[in-house]
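Enquirer: To start, I am sharing the structure in question, which I have written as structure tokens.
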Amino acid sequence: LVRSYHHTYKMNTVITNCSNNYGPYQFPEKLIPVMITKALTGQALPVYGDGQNVRDWLYVQDHAEALDLVFRKGRAGEVYNIGGNNEWKNLDLVNLLCDLVDERAPVLSTGKPRRSLITFVTDRPGHDRRYAIDCTKLTRELGWLPRYTFESGLAATIDWYLNNGEWVAECKG
């Protein structure tokens with residue numbers, strides 16, 4: 001529909017597609033908030049299948065800045081992919097989250113590291129092995145690159161969830 005309005009009515013449009021976002025205020029049912037909140041409370045950390053599913057991750061602030069750039073400087077009628085150039089296997093991501101939460105939160109009552117909470121669960125039928133996005137065009141044409149490393153964005157996200165437990169509890173109802 002957007003493309004047709006651009007071609008038919010010469011409406012100044014751009015379209016963006018993005019990889020998985022993470023950061024503050026992400027709804028608690030998504031992978032990263034689920035793992036953070038469960039790790040903080042010592043609950044099992046459910047990882048689908050063998051944990052080898054791959055996702056490209058983008059910190060939400062980087063996404064917002066890319067959207068602003070595309071809106072201001074993107075070519076009319078074009079499609080831009082916004083990606084983090086940051087692919088992680090789910091199991092590796094959960095292990096990193098566990099380590100970062102262990103550094104920031106009190107030790108579990110069991111005395112074990114949070115990695116011990118990882119539990120493999122049956123994968124969803126038809127679950128994609130890999131989601132990735134190529135943002136070469138955005139970099140080439142507009143010079144955009146993410147500012148946050150995955151580790152720095154993840155650390156900031158964990159800190160946000162540590163300081164905003166009330167918001168998380170409200171969302172979970």
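Enquirer: Kindly evaluate residue 141 against the criterion of being under 26 Å from residue 16 (Cβ atoms), of a type in the set (Asp, Glu) and touching a strand residue (DSSP E or B) at 6+ places or on another chain (Cβ under 6 Å). Full working, then the answer.
Expert: Numbers: under 26 Å from residue 16 (Cβ atoms): yes; of a type in the set (Asp, Glu): yes; touching a strand residue (DSSP E or B) at 6+ places or on another chain (Cβ under 6 Å): no.
Spelling it out, it is not the case that residue 141 is under 26 Å from residue 16 (Cβ atoms), of a type in the set (Asp, Glu) and touching a strand residue (DSSP E or B) at 6+ places or on another chain (Cβ under 6 Å).
Enquirer: Under the condition of being of a type in the set (A, V, I, L, M), at pLDDT 95 or above and farther than 23 Å from residue 152 by Cβ, which residue from the range 89-127 is most open to solvent (accessible area, probe 1.4 Å)?
Expert: Once the filter is applied, the top-ranked residue is 121.
Enquirer: Being under 22 Å from residue 56 (Cβ atoms) and charged (D, E, K, R) is the filter here, so list the residues in the range 93-152 that pass it.
Expert: 99, 123, 124, 128, 129, 130, 134, 137, 140, 141, 147, 151, listed by residue number.
Enquirer: Which is touching a strand residue (DSSP E or B) at 6+ places or on another chain (Cβ under 6 Å), open to solvent by 20 Å² or more (accessible area, probe 1.4 Å) and not in a helix (DSSP H, G or I), of 12, 21? Can you show your working first?
Expert: Numbers: 12 fails: touching a strand residue (DSSP E or B) at 6+ places or on another chain (Cβ under 6 Å).
Of 12, 21, the one residue that is touching a strand residue (DSSP E or B) at 6+ places or on another chain (Cβ under 6 Å), open to solvent by 20 Å² or more (accessible area, probe 1.4 Å) and not in a helix (DSSP H, G or I) is 21.
Enquirer: Need pairs with beta-carbon distance below 9 Å; first residue in contact (Cβ under 8 Å) with a residue 60 or more places away in the chain and closer than 19 Å to residue 163 by Cα and within the range 36-51, second open to solvent by less than 10 Å² (accessible area, probe 1.4 Å) and part of a strand (DSSP E or B); sequence gap 6+ or separate chains.
Expert: Once the first residue is in contact (Cβ under 8 Å) with a residue 60 or more places away in the chain and closer than 19 Å to residue 163 by Cα and sits in the range 36-51, its partners that are open to solvent by less than 10 Å² (accessible area, probe 1.4 Å) and part of a strand (DSSP E or B) give 38/45; 39/45.
Enquirer: Considering the range 130-173 alone, what residues qualify as being surrounded by 11 or more Cβ atoms within 10 Å (Cβ to Cβ) and part of a loop (DSSP other than H, G, I, E, B)?
Expert: Passing the criteria: 132, 133, 134, 135, 144, 145, 146, 147, 148, 149, 164.
Enquirer: What residue, among those in the range 68-85 that are assigned to a strand (DSSP E or B) and within 20 Å of residue 4 (Cβ to Cβ), is farthest from the chain's Cα centre (by Cα)? Before the answer, list the steps.
Expert: Here is the first cut: in the range 68-85, the residues assigned to a strand (DSSP E or B) are 78-82.
Those left that are additionally within 20 Å of residue 4 (Cβ to Cβ): 78-80.
Working: 78: 24, 79: 21, 80: 18 Å.
Filtering first and then ranking leaves 78.
Enquirer: Right, another one. Looking at 31, 45, 67, can you tell me which residue is within 21 Å of residue 104 (Cβ to Cβ), open to solvent by 40 Å² or more (accessible area, probe 1.4 Å) and modelled with pLDDT of 95 or more?
Expert: 31
Enquirer: Further question on the same structure: Taking into account only those residues within the range 48-64 that are out of contact with any Phe, Trp or Tyr (no Cβ under 9 Å at 6 or more places or on another chain) and closer than 18 Å to residue 157 by Cβ, which is least open to solvent (accessible area, probe 1.4 Å)? Break it down into steps so the answer makes sense when it comes.
Expert: Start the filter on the range 48-64 by keeping residues that are out of contact with any Phe, Trp or Tyr (no Cβ under 9 Å at 6 or more places or on another chain), which leaves 52, 63-64.
Right, trim to closer than 18 Å to residue 157 by Cβ and you get 63-64.
Numbers: 63: 28, 64: 52 Å².
By that ranking, first place goes to 63.
Enquirer: Output the residue which, of all residues in the range 30-64 that are part of a loop (DSSP other than H, G, I, E, B) and charged (D, E, K, R), is farthest from residue 85 (Cα to Cα). I'd like the intermediate steps shown before the answer.
Expert: Taking the range 30-64 first, the residues part of a loop (DSSP other than H, G, I, E, B) are 30, 42-44, 49-53.
The next check asks that each one be charged (D, E, K, R); those that pass are 30, 50.
Numbers: 30: 20, 50: 23 Å.
Checked the range 30-64; the qualifying residue farthest from residue 85 (Cα to Cα) is 50.
The values are calculated or read from the model by the stated rules, or taken from the named source; none is laboratory data. Treat the numbers as computed from the prediction; the structure is a model and nothing was measured. Cβ: placed from backbone, ideal geometry, glycine included. Neighbour counts: every protein chain shown. Side chains included, ligands, DNA and RNA excluded: accessible areas come from the protein's heavy atoms. Shrake-Rupley method; radii C 1.70, N 1.55, O 1.52, S 1.80 Å.
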